[in-house]
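Take a look at the structure set out below.
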Amino acid sequence: MAIDYFGSPSCFRARDKPNIGREGLIVNPFFFRKQKSQTSLGAIAAVALCLVAFLSLAASPNPQPASPEATTLRHAAEARHIVIGTAAASFLLGEAEYASILGSEFSQLQAENEMKFGAIHPRPDTDPNPYNFAGGDALVAFAQSHNMVVRGHTLLWHNNVPEWLKKGGYTSAQMATILQGHIHSVMTHYASKVYAWDVVNEAFNDDGTMRSTLWYDQPGIGAGVGTKYIEQSLRWAREADPKVKLFYNDYDAEEINKKSDAIYAMAKDFKKRGIPLDGVGFQTHITPKFDDPAKLKSYKENLERFAKLGLELHMTEIDVRLSNGDTSSLAEEGKLYGEITKLCVEQPACKVIQTWGFTDKHSWIPGFYKGLGWALPWDDKYQKKPAYEAMHDALAK
Ligand code: XIL
């Protein structure tokens, strides 16, 4: 566990909200930096107070361990200009421990489900009220009141498709109209509130071919023409919001393999032709098997090749699913969390480290992978696990 240099938590309370620009997401790491440019007496007094706190701490023979607030993941990440995010659900915000950890340890929030197509657009466009922004809006409000940025997820995915769309018998042309309208409505609603969107999620098969989906070819809007429908969706997204960052997001594309090769080829082509793609999201749903030097090296080299295309890279959905929660498994998990965090810290184009939820109490893993769980940095009683310490250390080093 790293000790915070400044010791005094009050020096951190006045930190600034992460600052999002088109050039990159820049988190203002130090209270001092911003205050220096201001000349108010209050600012000078605050700096003086922090200095006094620091000097008295430095002079103390037994410095107090830094307070929990001073050692959050968020503080450690801010000093690295990295955003630390997590997926969240609005119906859990009423749980005091959930809300407290979410609002203090993370600088970014992403809706785990509530901005997905089926959740946000549950009724057809012929309905007087086709959209339901309630869950997403509640998450945005929480994020804003805790100085967190919001990442949008996701406009186009083969899952979470509403019944009206699945069963509507729409033609390709109608699907295109529906999708363009969806992208426009959702992005306009969250313009200036969401700084980056996973526009397209999981469009490739493991072998690098296009996944057969409602959006691609059933009937889809791009059957037989490869990545054309992704290109089209990115163009619509850019029209809807000229400022937001546009991402492609996928799983099992961390290492160099057929899927990541296909995503890379698409990204290279898009960059060359000026298609609006700002970044790639690497979900990073992994198991302890990933703790293998060859795999970690491959992830590192994969990030490097995407970075060379001028893309921003986000680790978007980190979790490590285990088959039991004994001490050695949790230690192994922690080591892997530390290694993954380090890969992002060491890659300048990697701007976001995000876990898929943060407490084992509410992880999606047990529901989707029978017998597996223990995947997140907090346990089901909201106690920090070795994974938390490892992430913090990797950020703080
Ligand atoms: C998952 C959620 O965590 C679950 O609650 C939901 O039932 C299904 O979707 N890849 C993604 C995420 O991009 O949106 C998925 O989230 C997990 C896999």
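The values are calculated or read from the model by the stated rules, or taken from the named source; none is laboratory data. Everything quoted here is computed from the prediction, not taken from an experiment. All Cβ positions, even for glycine, are placed from backbone atoms using ideal geometry, and neighbour counts span all protein chains on display. Ligands, DNA and RNA are excluded from the accessible area calculation, which covers all protein heavy atoms including side chains. Shrake-Rupley method; radii C 1.70, N 1.55, O 1.52, S 1.80 Å.
Structure notes:
Yes/no per residue for (1) away from the ligand (no atom under 16 Å from the Cβ); (2) without any contact (Cβ under 8 Å) to a residue 40 or more places away in the chain; (3) not hydrophobic (A, V, I, L, M, F, W, C):
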{"residue": "Asp269", "(1), (2), (3)": "yes, no, yes"}
{"residue": "Ala294", "(1), (2), (3)": "yes, yes, no"}
{"residue": "Trp356", "(1), (2), (3)": "no, no, no"}
{"residue": "Asp360", "(1), (2), (3)": "no, yes, yes"}
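- Residue tally, condition under 16 Å from Leu155 (Cα atoms) and surrounded by fewer than 21 Cβ atoms within 10 Å (Cβ to Cβ), over region 204-221: 3
- Unmet requirement for Gly357, which otherwise passes all of (1) over 15 Å from the mean Cα position of the chain (by Cα); (2) among the small types (Gly, Ala, Ser); (3) crowded, with 18+ Cβ neighbours inside 10 Å; (4) on the phi > 0 side of the Ramachandran plot: (1)
- Taking the numbered list (1) open to solvent by less than 10 Å² (accessible area, probe 1.4 Å); (2) within 14 Å of the ligand (Cβ to nearest atom) in turn, Asn160 passes all entries but (1).
- Scanning region 107-127 for residues being within 15 Å of the ligand (Cβ to nearest atom), over 13 Å from Gly181 (Cβ atoms) and either under 14 Å from the mean Cα position of the chain (by Cα) or not in a loop (DSSP other than H, G, I, E, B) (or both) gives a total of 8.
- Here the condition is being within 16 Å of the ligand (Cβ to nearest atom), in contact with a helix residue (DSSP H, G or I) (Cβ under 9 Å, 6 or more places away or on another chain) and in a loop (DSSP other than H, G, I, E, B); of Ala253, Ala223, it holds for Ala253 alone.
- Count of region 360-375 residues which are assigned to a helix (DSSP H, G or I) and open to solvent by 10 Å² or more (accessible area, probe 1.4 Å): 6
- Here His153 fulfils each of the conditions (1) surrounded by fewer than 18 Cβ atoms within 10 Å (Cβ to Cβ); (2) closer than 23 Å to Ala237 by Cβ; (3) not polar (S, T, N, Q) apart from (1).
- Sub-8 Å Cβ pairs linking a first residue in region 202-227 that is on the phi > 0 side of the Ramachandran plot to a second residue that is outside any loop (DSSP other than H, G, I, E, B) and open to solvent by 50 Å² or more (accessible area, probe 1.4 Å), at least 6 apart or interchain, are Gly208/Lys258; Gly208/Asp261; Gly220/Ser172, ordered by first then second residue.
- Of all residues in region 376-393, those satisfying the criterion of being within 23 Å of Glu78 (Cβ to Cβ) and outside any helix (DSSP H, G or I) are Leu376, Pro377, Trp378, Tyr382, Lys384, Lys385.
- Residues within region 140-164 that are in contact with a Leu (Cβ under 6 Å, 6 or more places away or on another chain) and part of a helix (DSSP H, G or I), tallied: 2
- Checked against the criteria, Phe142 counts as in contact with a Ser or Thr (Cβ under 8 Å, 6 or more places away or on another chain) and more than 15 Å from the ligand (Cβ to nearest atom).
- When residues in region 79-102 are screened for being under 15 Å from the mean Cα position of the chain (by Cα) and either assigned to a helix (DSSP H, G or I) or surrounded by fewer than 23 Cβ atoms within 10 Å (Cβ to Cβ) (or both), 3 of them pass.
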